[in-house]
Amino acid sequence: MNHKCVRAVVCALALMLFSGALQPLLAKTGSRSKKAWVASLAALAAANFLDVHVSSGQFEANPLLRNAQGRFSLARGLLFKSGLSAGAVAVQLLFLRKASAEDSYTPTAVANFAAAGGLTALAIRNHCVADAYAGATAPR
């Protein structure tokens, strides 16, 4: 593992630990499962930020996220990824509004933590392979 990969892992862990700064907010929330859901939203936001940060300026295969030069467009990436996350959270809020049980927060928290883990793994992978594509031309 090269030093860039180690740095990416350290940044990912720091972002996850940063979610501990949400402790005052979590203290005001109700049940334990609701606290886990709020923490999972923070983890999802941090993972999205990490993914956008790592991808910024790199060659991008997804035509929705790349600019005319074939590189990741920060504006498109932020808009697309935040839109997807906002949509997912909106669906969760609708689900939680209809569900009466307090345990309804648990499956949504698990889904958010799983998505955050997947995005973090993807960001670390993108960061580690960025050097391999440094001399490549833009995809067509």
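For region 123-139, check the following and say yes or no: at least one residue is over 18 Å from the mean Cα position of the chain (by Cα), surrounded by 15 or more Cβ atoms within 10 Å (Cβ to Cβ) and at pLDDT below 90. The answer is yes, given that some residue of region 123-139 is over 18 Å from the mean Cα position of the chain (by Cα), surrounded by 15 or more Cβ atoms within 10 Å (Cβ to Cβ) and at pLDDT below 90.
The set of residues from region 68-109 being among the polar types (S, T, N, Q), loosely packed, with under 14 Cβ neighbours inside 10 Å and touching a residue at least 40 places away in the same chain (Cβ under 8 Å) comprises just one member, Gln69. Return yes when Phe80 is at pLDDT 85 or above, out of contact with any helix residue (DSSP H, G or I) (no Cβ under 9 Å at 6 or more places or on another chain) and assigned to a helix (DSSP H, G or I) and no when it is not. Considered against the rule, which asks whether it is at pLDDT 85 or above, out of contact with any helix residue (DSSP H, G or I) (no Cβ under 9 Å at 6 or more places or on another chain) and assigned to a helix (DSSP H, G or I), Phe80 comes out as yes.
A single entry from Ala111, Ala115 fulfils the requirement of being over 15 Å from Phe49 (Cβ atoms) and either modelled with pLDDT of 85 or more or in a helix (DSSP H, G or I) (or both): Ala111.
Residues that are part of a helix (DSSP H, G or I) and farther than 18 Å from Ala114 by Cβ within region 48-77 comprise Val52, His53, Val54, Ser55, Leu74, Ala75, Arg76, Gly77, listed in sequence order.
The values are calculated or read from the model by the stated rules, or taken from the named source; none is laboratory data. Since this is a predicted model, take the numbers as computed values, not measurements. Methodologically, a virtual Cβ is constructed for each residue, glycine included, from the backbone with ideal geometry; neighbour enumeration extends over all protein chains shown.
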